[in-house]
Amino acid sequence: QIQIVDPANPDGYIQIGTVVFGSSVVFSSEENITEEVDFGITQYADTIFTEGFTNISNDRGQKRQLGFKFKNLEAQSRNFVELRRMFEAVGNIQKVLWIPTPQDPSEFAVFAKMREVPRERHKQMGKHYVSLDINTDESL
């Protein structure tokens with residue numbers, strides 16, 4: 001049961017998007033994604049071509065894609081251990097809520113599947129480091 005109390009709402013009704021339940025992983029601040037986030041929106045439509053100079057389309061909605069990178073995570077760190085655990089448990093068959101910019105959660109947040117389980121790049125530089133790229137897609 002979900003109870004929402006919003007007496008300041010002038011509309012007289014509420015609107016809710018996806019309600020997500022489950023565990024979460026919050027990364028510690030000493031390791032994070034790289035500065036760059038790759039974000040895009042794809043428009044989906046059913047299109048019927050006509051004999052005229054245009055076509056007719058029925059909107060099927062917009063879906064977001066999000067990509068980001070982790071560079072030089074310490075292989076023994078909690079961040080990498082939790083990522084690996086999530087890759088093994090979820091794979092690319094279940095949706096995950098990704099919030100790459102917690103200072104502004106709604107800016108790039110997506111509830112999406114990974115396009116593929118990321119390939120890890122390992123290197124030894126005194127310590128064992130791992131880098132990987134995550135690409136998600138709401139339409140999957």
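For the reader, a short list of remarks on this structure follows.
- Single residue of 53, 27, 39, 21 found to be in contact with a helix residue (DSSP H, G or I) (Cβ under 9 Å, 6 or more places away or on another chain), of a type outside the set (S, T, N, Q), open to solvent by 40 Å² or more (accessible area, probe 1.4 Å) and assigned to a loop (DSSP other than H, G, I, E, B): 27
- Test result for residue 37, β-branched (Val, Ile, Thr) and modelled with pLDDT under 85: no
- Among the residues making up segment 1-15, a single one is open to solvent by less than 100 Å² (accessible area, probe 1.4 Å) and modelled with pLDDT under 80: 12.
- Residue check for residue 34: within 20 Å of residue 104 (Cβ to Cβ), open to solvent by less than 100 Å² (accessible area, probe 1.4 Å), of a type in the set (S, T, N, Q) and not in a loop (DSSP other than H, G, I, E, B): yes
- Any hit, segment 96-104, residues being under 18 Å from residue 26 (Cα atoms), modelled with pLDDT of 90 or more, among the β-branched types (Val, Ile, Thr) and surrounded by 15 or more Cβ atoms within 10 Å (Cβ to Cβ): yes
- Verdict on residue 60 being surrounded by 14 or more Cβ atoms within 10 Å (Cβ to Cβ) and more than 19 Å from residue 132 (Cβ to Cβ): no
The values are calculated or read from the model by the stated rules, or taken from the named source; none is laboratory data. Fair warning: this is a prediction, and the values are worked out from it, not measured in the lab. All Cβ positions, glycine included, derive from the backbone under ideal geometry; neighbour counts span all protein chains shown. SASA here: full protein model, heavy atoms, side chains in, ligands and nucleic acids out. Shrake-Rupley method; radii C 1.70, N 1.55, O 1.52, S 1.80 Å.
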